[in-house]
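Read through the structure below, which is laid out as structure tokens, and then see the notes.
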Amino acid sequence: MRINEKHLIILGSVLSIFVAILLLFLVSKFFVFAENSGNPTASSSSEIQSISDYDISEFFYFKQEGKASWYGKRFHKRGTASGEKFDMYRFTAAHRYLPFGTIVRIRNTQNDSVLLVRINDRGPFVFSKIIDLSYNSAKYLDAFGNPFVEIEALVPKSDTELEISEKYYFGYSFEYPLVCLPENKIVFLKEFDVFEDALDFYKTAQSEFPDQFLYLFVPFDQGYKNIKYLEEQKFYVGYYASPNKEKQNKYVQINSE
């Protein structure tokens, strides 16, 4: 069969489209972490690979999608299922079964606002909703209208087959994928007893460490059973100790005076 000029043009067009699709696919796969983080400065390929070499979050990852509700003044200062008093101005939430003290990253899919909240109550009792936000959490997310949300968390598991001899920490971020990293791969900046204080410091530190993978950390095996455990809960702000970057200890270190 003779191939004329028209056939060559068609063949060239098809090949061009195929190459373009292939390039788009490869680029999207390569920069998947960068897209999640929104921080191209921190997202070199070697950096991404370095984190994945130590991250074991896949064994603890939890994700759920559905509608959110909120509660406020009517329950302010009343007891919660965990034993804590409900404070409508703190960043907390109720979930039907996530352990008390679990930190949840919640994203309002209607406006893409993101927040970290701490589970300290049970609910919602309307089963068309998946999470019940405190007034302040709903205000931050502009979620008073029961929007569709996505929640992510890292949950301790008693049935994991992992044999872990080191101390690991769950890492939560507004931007980056959740991680579970060993202690020796984290540069800790500061320790907190109050979740909201840690969250405020985390937000401030983001601007001070724009080229680091900054997280709010908690010990992965920290007990979450009742108010006794919640009162002893500790929170840490720090970043991944990349072998490719110099440590920038601008803040007070843990255990330093």
For this session: Give the residues of region 205-223 that are at pLDDT 95 or above and over 10 Å from Y239 (Cβ atoms), sorted by residue number.
Result: L216, V218
Exercise. Which of the following residues is outside any loop (DSSP other than H, G, I, E, B) and closer than 19 Å to Q49 by Cα: Y239, Y202?
Worked result: Y239
For this session: Select, from T80, T102, the only residue that is on the phi < 0 side of the Ramachandran plot, crowded, with 16+ Cβ neighbours inside 10 Å, hydroxyl-bearing (S, T, Y) and within 14 Å of the chain's Cα centre (by Cα).
Result: T102
For this session: Kindly indicate whether K139 is of a type outside the set (A, V, I, L, M, F, W, C) and either at pLDDT below 95 or closer than 19 Å to Q248 by Cβ (or both).
Result: no
Problem set entry | Selection status of F144, under 16 Å from F62 (Cα atoms) and either in a loop (DSSP other than H, G, I, E, B) or modelled with pLDDT under 95 (or both) | no
Problem set entry | All positions within region 179-198 that are touching a Lys or Arg at 6+ places or on another chain (Cβ under 9 Å) and crowded, with 21+ Cβ neighbours inside 10 Å | L189, F195, A198
For this session: Go through region 159-198 and tell me which strands (runs of 3 or more DSSP E), entirely inside it, have 2 or more residues that are over 12 Å from D55 (Cβ atoms), modelled with pLDDT of 95 or more and over 14 Å from the mean Cα position of the chain (by Cα).
Result: 186-192
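The values are calculated or read from the model by the stated rules, or taken from the named source; none is laboratory data. Because the structure is a prediction, the values reported are computed rather than measured. Heads up, the Cβs are rebuilt from the backbone with ideal geometry, glycines too, and the neighbour counts pull from every protein chain shown.
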